[in-house]
Amino acid sequence: MKTLLRFFFNLLYHQFAFTYDLVAAIVSLGRWKEWVMSVLPFVEGTRVLEIGYGPGHLQRALLSRGLVAVGIDESSQMARLARHNLTKRIAATSSASESHHNSQTHESDYAQISLTRGLAQHLPFCDHSFDTIVATFPAEYITKPETLQEVQRCLTDRGRLIVLPVAMQIGRSILDQAMALLFRVTHQSPVDPIEIVREKLREPFLKTDFEVDIRELQVKSSLLLVIIATRR
């Protein structure tokens, strides 16, 4: 089952990346983007790296806040999709601005998009480059020692890594319960009690000498766990 699931998610993130938003919206009952955006209040500083940027929705939100946002992802298909989504959004924003203010095209807006391909285990950035590094619903690579050591290296002093690893459907409707079952079957939601889950999530970050805080967020009929790991 795990092998089949890995194969499915690999296809979804690569060859079938164009269906990613649709699939995510269906399995989350339309809450996927809200889940992803839930990490924004925890972002600190002005230089932010997103690991595994996917379709680019969080990148857009970071850029709209005037932050220096950089994204890294190993999928070439996601890279093309994210760049398309971001340039389309910026073009639409620029057109609206020009119609109201008769301004020139904002070429600098396009220059703000900074997406690169690569692996989290080998981040191609200088030491202390980012105030915040964030990853939403990453695969298991995010807790590998190589990844966390690279994150430590690239964070500023007291910089933070924000990880949104799991979402749990807690609504009482039949549809919510059906989706909760689907998430458990596909290992996208834990079956252990919440305290056990918190300790399991905390352990790899403590081993890499992070200070760890785990927050619980309720977004409509779902419970999110957000890991805030601060560089000592």
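Readers should treat all values here as calculations from the given coordinates under stated rules, not as data from a laboratory. The structure presented is a predicted model; accordingly, all values stated were derived computationally and were not measured. Because the Cβ atoms are built from the backbone with ideal geometry, glycine has one as well, and the counts that use them run over all protein chains shown.
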* Structure fact -> Filtering chymotrypsin sites (Phe, Trp or Tyr not before Pro) in region 1-90 by DSSP loop and by at most 11 other Cβ atoms within 10 Å leaves none
* Asked: Does a label point 7 Å from the Cα of residue 112, set along Cα-to-beta-carbon, have any residues of region 44-60 with amide nitrogen under 19 Å, and which are they?
  -> 44-51, 53-60
* **Under 5 Å, built H, 5+ apart or other chain: amide partners of residue 219** => 224
* Once amide H atoms are placed 1.01 Å from N in the peptide plane, what residues at a sequence separation of 5 or more from residue 114, or on another chain, have their amide H within under 5 Å of its amide H? -> 71
* With r as the distance between the Cβ atoms of residue 195 and residue 80 and R0 = 30 Å, compute the FRET efficiency 1/(1 + (r/R0)^6) and round to 0.05. => 0.10
* **Amide H within-cut-off set for residue 46, under 5 Å, with H built and near neighbours excluded** => 131
